[in-house]
Each structure stands twice: as structure tokens, then as C-alpha cells.
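I have placed the structure first, in the form of C-alpha cells, so that the comments after it can refer back to it.
No value in this document is a laboratory result; all are computed from the given coordinates. In this text the structure is predicted, and so the values were computed from the model without any measurement. Virtual Cβ from ideal backbone geometry, glycine too; neighbours counted across all protein chains shown.
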Amino acid sequence: MSLRIVTGNASSAARTLPNETDLIAAAREGDTNAFQQLYEHYRDRIFNLIYYSLRESQQAEDILQTVFLKVFQALPFFRAESSFLTWVYRVTLNECKNVKIRRRFWVPLSEIFDRPEERDPRPSSEMIHSSAVRAQALQEALMKLKPKHREVVVLKYLEELSYEEIAVILGVSTGTIASRLHRAMENLSSLLR
């Protein structure tokens, strides 16, 4: 599975399934086709979050399967106090933390932010080199951040979640999210100089 970075004009409404509530209800009753649709719709986004948390594509594939197995098994207990995706994000981050605790290591983070000019299907060799250098510098700087700061950067700028959504996922206040993001950006700025 390749990384599919969601940036730009993606809105929360466009990111959810129109019949998500019905699919969740059917999946709760054991309808594997309904759950398959939920999986297909959200797997790339969950894969990206896992990949950026654990920094290894093969491990991310394995964890993706584990996360969705846990989601399927826990679906009858989903209380819908938050959106389905927010709940899946929370399950994902918990699984990533469990993996880190069990294995006690971090693996390198790949690229993160694309600029519009870098999406040109025929970039120049200078642009490719410049992009690679910037991506590498950003990757190295991100990996020097504390995990709690790196998480908010990924959720805010890669997943384009609101402060409120991130707060629910991480189980902290929006003020804490703002503070962590501010510190993370200050640290990134300093590291990139």
C-alpha cells in the first residue's frame, strides 16, 4: 500500500461515507460487507497515521490489519459519542503506542508535506532534488520532536483535523492541543534553521 497524503481542500463532510451510520449499524450486526465498505473508505487514512507513527511501511500494513480487527471486534461497544473515524483514530494511536512499548523502537518517517508545484507530473530535476532535500530535512526534524508533538503535527497538517477532533482522539483539551502544536512548530522552525 502506498501513502496517500490527503491535503488541500478535503472537508470533513467529504471524508465520511454518506451512509456511514447505516454501515456501522449493519457491521454491528455482523454484516462483513458493510464493514468491508468502512474499511475500504478509511484504510488509506489509517495506514498513513500508522506509518507516520511507526515509520515503517511493512509494519504499518500489519498494524492496519490489527487495528481493523480490533475495530470490528469492538464495534458492538462503539457508543457514537464521537464520529466513527475519530474512534478509529483513537484505536489506531493506542495500538501504535502498544507497539512502541512492546518493541521499544522508532523507525524513520518518510515524506510529509507536498507543495502544489511539486505535484506537477513533469517536475524538473532541480525541483525533484530540492523536494527530496526539503522532505529529508523535514523528516529528520519531525523525528526529533517529542512523540506527543509529532502526533499533533501529523493529525493537524496531514489529516487536516480540527483542534476539537484532535483533542477527542488524544483525550486532552483543545488548549493542550494548541499548546503542543505551538511548541512543535517552534521546535520544527528552530530545527529547520
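Cβ neighbours within 10 Å, averaged per peptide: list 132-141, 180-189 in order, most packed at the top.
Ranking the peptides 132-141, 180-189 by packing returns 180-189, 132-141.
In terms of packing, defined here as the mean over residues of other Cβ atoms within 10 angstrom, the peptides 20-29, 49-58 line up highest first as 49-58, 20-29. Take the Cα of Q136, step 7 Å toward its Cβ, do the same at K148, and the gap between the two points is 3.3 nm. Considering only L155, S190, I166, the residue lying farthest towards the positive end of the dipole of region 131-193 is S190, judged by Cα position with unit charges set on Cβ. Note on S190 and D31: the extension gain reaches 52.2 nm, defined as 0.36 nm multiplied by sequence separation minus the Cα-Cα distance. Summary of the geometry: region 126-177 and region 48-102, compared by the centres of their Cα atoms, lie 18 Å apart. Would region 131-193 count as rounded, prolate or oblate if I go by the C-alpha gyration tensor, calling it rounded below 1.5 in a/c and otherwise prolate when a/b exceeds b/c, oblate otherwise? Prolate.
Working from Cα pairs under 8 Å separated by at least six residues, relative contact order for region 131-193 is 38 percent.
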